[in-house]
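*Asks:* Sharing a structure here in structure tokens format.
The values are calculated or read from the model by the stated rules, or taken from the named source; none is laboratory data. As the structure is a computational prediction, the values presented were derived from the model and not from experiment. No Cβ is skipped: glycine too gets one built from the backbone with ideal geometry, and neighbour counts run over all protein chains shown. Just the protein is used for accessible areas: all its heavy atoms, side chains included, with ligands, DNA and RNA removed. Shrake-Rupley method; radii C 1.70, N 1.55, O 1.52, S 1.80 Å.
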Amino acid sequence: MLTAEENELLTRVTGDAPMGQMMRRFWLAACMLEEIPEPDCDPVRVRILGEDLVAFRDSDGRPGLLEEKCPHRRASLFYGRNEECGLRCLYHGWKFDVDGNCTDMSSEPPGTGLVEKVKAKAYPVKEWGGFLWTYMGEPATMPEFKPPFFAPTPQTNVAIFKVVVNCNWAQGVEGAIDSAHSSSLHSTDMPPAMVGGSTATGTAWQRPSTDKSPRLQVQPTHYGFNYAAIRRPIKNANTHDYVRITHFVAPHHVLIPPNNVYNVSQMNVPVDDEHHALYILAWQDKGPGVDQEAWRKFTGTQLGIDLDKTYRKIDNIGNNFGQDRQAMKLGSFTGIRGFPNQDIAMWETMGAIGEREKEILAASDQAVVEFRRSMVVFVQEFMKTGEPPAQFSDEERASVAAFEGMVAKDADWRDLSGAKRESARAAE
Ligand code: FES
Ligand SMILES: [Fe+2]
């Protein structure tokens, strides 16, 4: 259980809130590249850490991320004209390039020198792995951009879905590190089966276990933590355990155990204190990747069908998330279609900011407890020293890999790092 003060520290990200200030020390996903697909495309609103921005791509194809309000008299640049290498404010026609330089001020007489002085607030951006990344901290502390786990090379083909969720970011992360819920909430989409490991079919992820109460073991790291969820397998239960290892990398990245076809990752990027952008990614280290539309269809996150054009769910709390009680009588555990929608229904009904001071935690919440503990320690340290948690080194990176598979009962999952995990899986 967290105190109300610790809950505030964990969850609040806007303004001067320490967690938001700490998150500004990381490269964050601002939006997907598909939202700004081509030169002079429509600008898009981006709200992140409570700050309203506008993303656009100029005539030369360069992406930009500017404060939404025009420096002149604060009208919205979202409505601006994106043309001839800049975003032009509709109100008086001031125009800004991707670096925030004012390149035209047609409302002013020439020779005042104002055009050279005015600058729109612009954040640095980087295109990689299907996302526009940005750094919102002070330029002096900007770390080198490191490719995310799900896109080690610029060519990695990543399937992404995005949903804007109406609750605080930490509830989303807690969902990703809460192995026990999958045996209940997702039991229709992740059913037990006589398989060797998690197996993706076109409609489900089959699990080699009927065990609904995994034992959790946590291993802290300097950048977050790992944990194993250990279950009794259907086959060879006397000699083996079914082990799923999940990694949490601060501030909001979770590497979820893979299935036989692809790896899965989750990011919960704060929009503000009471909303976040959920991204779940399916990718392959080697191979052609996962088809984006098939991924969205499987997860019930297709634009125009499940989501409106701002990536908000069409089935939402206003219609009980489309819950179908008749389907529940006929075998669906939740009556809610698509596993992310089941998660979102639970996260949003916990309230805009979860009431952690009122919870009753149990053994299966051990990873959730570790997430809160580690983030509160990280942010308290940040308040004292001004330093965010150190990221993993290039050498450590290989060991930051989720895993699922059968592990002999006399082996310790903590020894199965990196390449050893790969070979354990290959030997199944
Ligand atoms: S408010 Fe934007 S140009 Fe005047
Ligand atoms: Fe879930």
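*Asks:* Which number in (1) modelled with pLDDT under 95; (2) farther than 25 Å from T11 by Cα; (3) surrounded by 17 or more Cβ atoms within 10 Å (Cβ to Cβ); (4) not β-branched (V, I, T) marks the one condition that A159 misses?
*Replies:* (1)
*Asks:* Of everything in segment 124-144 that's within 23 Å of E38 (Cα to Cα) and assigned to a loop (DSSP other than H, G, I, E, B), which residue is most open to solvent (accessible area, probe 1.4 Å)?
*Replies:* Here is the first cut: in segment 124-144, the residues within 23 Å of E38 (Cα to Cα) are 124-135.
Keeping just the survivors that are assigned to a loop (DSSP other than H, G, I, E, B) gives 124, 129-130.
Values: P124: 51, G129: 9, G130: 30 Å².
So the residue we want is P124.
*Asks:* Select from segment 39-92 the residues that are open to solvent by 60 Å² or more (accessible area, probe 1.4 Å) and under 30 Å from H252 (Cβ atoms) and write down the one among them that is nearest to ligand 1 (Cβ to nearest atom).
*Replies:* Initial filter on segment 39-92 (open to solvent by 60 Å² or more (accessible area, probe 1.4 Å)): 39-40, 42, 45, 47, 52, 60, 62, 69, 73-74, 79, 81, 84, 90-91.
Next cut, under 30 Å from H252 (Cβ atoms) only: 42, 45, 47, 52, 62, 69.
Values: D42: 18, R45: 16, R47: 20, D52: 15, R62: 21, K69: 8 Å.
Only one residue fits best here, namely K69.
*Asks:* Are any residues in segment 373-394 more than 17 Å from F145 (Cβ to Cβ) and open to solvent by less than 40 Å² (accessible area, probe 1.4 Å), and if so, which ones?
*Replies:* Let us first name the residues in segment 373-394 that are more than 17 Å from F145 (Cβ to Cβ), namely 373-387, 389.
S374, M375, V376, F378, V379, F382, G386, P389 - these are the residues of segment 373-394 that are more than 17 Å from F145 (Cβ to Cβ) and open to solvent by less than 40 Å² (accessible area, probe 1.4 Å).
*Asks:* Would you pick out the residues in segment 196-244 that are over 13 Å from S183 (Cβ atoms), of a type in the set (G, A, S) and without any contact (Cβ under 8 Å) to a residue 40 or more places away in the chain?
*Replies:* Selection gives A204, A237.
Rundown of residues vs (1) touching a His at 6+ places or on another chain (Cβ under 9 Å); (2) in the same structural domain as K297 (by TED's automatic domain parsing); (3) in a loop (DSSP other than H, G, I, E, B); (4) surrounded by fewer than 19 Cβ atoms within 10 Å (Cβ to Cβ), yes/no style:
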site	(1), (2), (3), (4)
N320	no, yes, no, yes
F333	yes, yes, yes, yes
N341	no, yes, no, no
I344	no, yes, no, no
A352	yes, yes, yes, yes
E357	no, yes, no, yes
I360	no, yes, yes, yes
S364	yes, yes, no, yes
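*Asks:* Identify the residue in segment 319-338 that is modelled with pLDDT of 95 or more and among the basic types (K, R) and, among all such residues, is nearest to ligand 2 (Cβ to nearest atom).
*Replies:* The qualifying residue nearest to ligand 2 (Cβ to nearest atom) is R325.
*Asks:* I need the full set of residues from segment 145-187 which are among the aliphatic types (A, V, I, L, M) and assigned to a loop (DSSP other than H, G, I, E, B), in order please. Before the answer, list the steps.
*Replies:* If we filter segment 145-187 for residues that are among the aliphatic types (A, V, I, L, M), which is where we start, we get 151, 158-160, 163-165, 170, 173, 176-177, 180, 185.
Hits for segment 145-187 are A151, I177, L185.
*Asks:* Checking the condition away from ligand 1 (no atom under 16 Å from the Cβ) and in contact with a helix residue (DSSP H, G or I) (Cβ under 8 Å, 6 or more places away or on another chain), which residue from V158, V163, V98 passes? Walk me through it before giving the result.
*Replies:* On the way: V158 fails: in contact with a helix residue (DSSP H, G or I) (Cβ under 8 Å, 6 or more places away or on another chain); V98 fails: in contact with a helix residue (DSSP H, G or I) (Cβ under 8 Å, 6 or more places away or on another chain).
So the residue among V158, V163, V98 that is away from ligand 1 (no atom under 16 Å from the Cβ) and in contact with a helix residue (DSSP H, G or I) (Cβ under 8 Å, 6 or more places away or on another chain) is V163.
*Asks:* Still on this structure, please answer the following. Any residue in segment 339-362 that's within 10 Å of ligand 2 (Cβ to nearest atom): show its pairings with residues that are open to solvent by 40 Å² or more (accessible area, probe 1.4 Å) and among the hydroxyl-bearing types (S, T, Y) at Cβ separation under 6 Å, as long as the two are six or more apart or on different chains.
*Replies:* none
*Asks:* Name the residue that is most open to solvent (accessible area, probe 1.4 Å), counting only residues in segment 309-318 that are touching a residue at least 24 places away in the same chain (Cβ under 8 Å) and in a loop (DSSP other than H, G, I, E, B). Give the derivation first.
*Replies:* First, the residues of segment 309-318 that are touching a residue at least 24 places away in the same chain (Cβ under 8 Å): 310-313, 315-317.
Subsequent filtering for residues that are in a loop (DSSP other than H, G, I, E, B) retains 310-312, 315-316.
On the way: T310: 68, Y311: 18, R312: 100, D315: 66, N316: 54 Å².
Only one residue tops the list, namely R312.
Yes/no per residue for (1) on the phi < 0 side of the Ramachandran plot; (2) touching a helix residue (DSSP H, G or I) at 6+ places or on another chain (Cβ under 8 Å):
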| site | (1), (2) |
| --- | --- |
| E6 | yes, yes |
| D42 | yes, no |
| G50 | no, yes |
| L66 | yes, yes |
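*Asks:* Considering segment 42-99 alone, what residues qualify as being among the hydrophobic types (A, V, I, L, M, F, W, C) and either not assigned by TED's automatic domain parsing to the domain that holds E127 or not in a strand (DSSP E or B) (or both)? Spell out the reasoning first.
*Replies:* Step one: filter segment 42-99 for residues among the hydrophobic types (A, V, I, L, M, F, W, C), giving 44, 46, 48-49, 53-56, 65-66, 70, 75, 77-78, 85, 87, 89-90, 94, 96, 98.
Scanning segment 42-99 gives L49, C70, A75, L77, F78, C85, C89, L90, W94, V98.
*Asks:* Residues that are over 25 Å from A362 (Cβ atoms) and open to solvent by less than 10 Å² (accessible area, probe 1.4 Å): list the strands (runs of 3 or more DSSP E) wholly contained in segment 188-306 that include at least 2 such residues. Explain how you work it out, then say what you get.
*Replies:* Numbers: elements: 215-221, 224-231, 240-249, 253-256, 263-272, 275-283.
In segment 188-306, the matching strands (runs of 3 or more DSSP E) lie at 263-272, 275-283.
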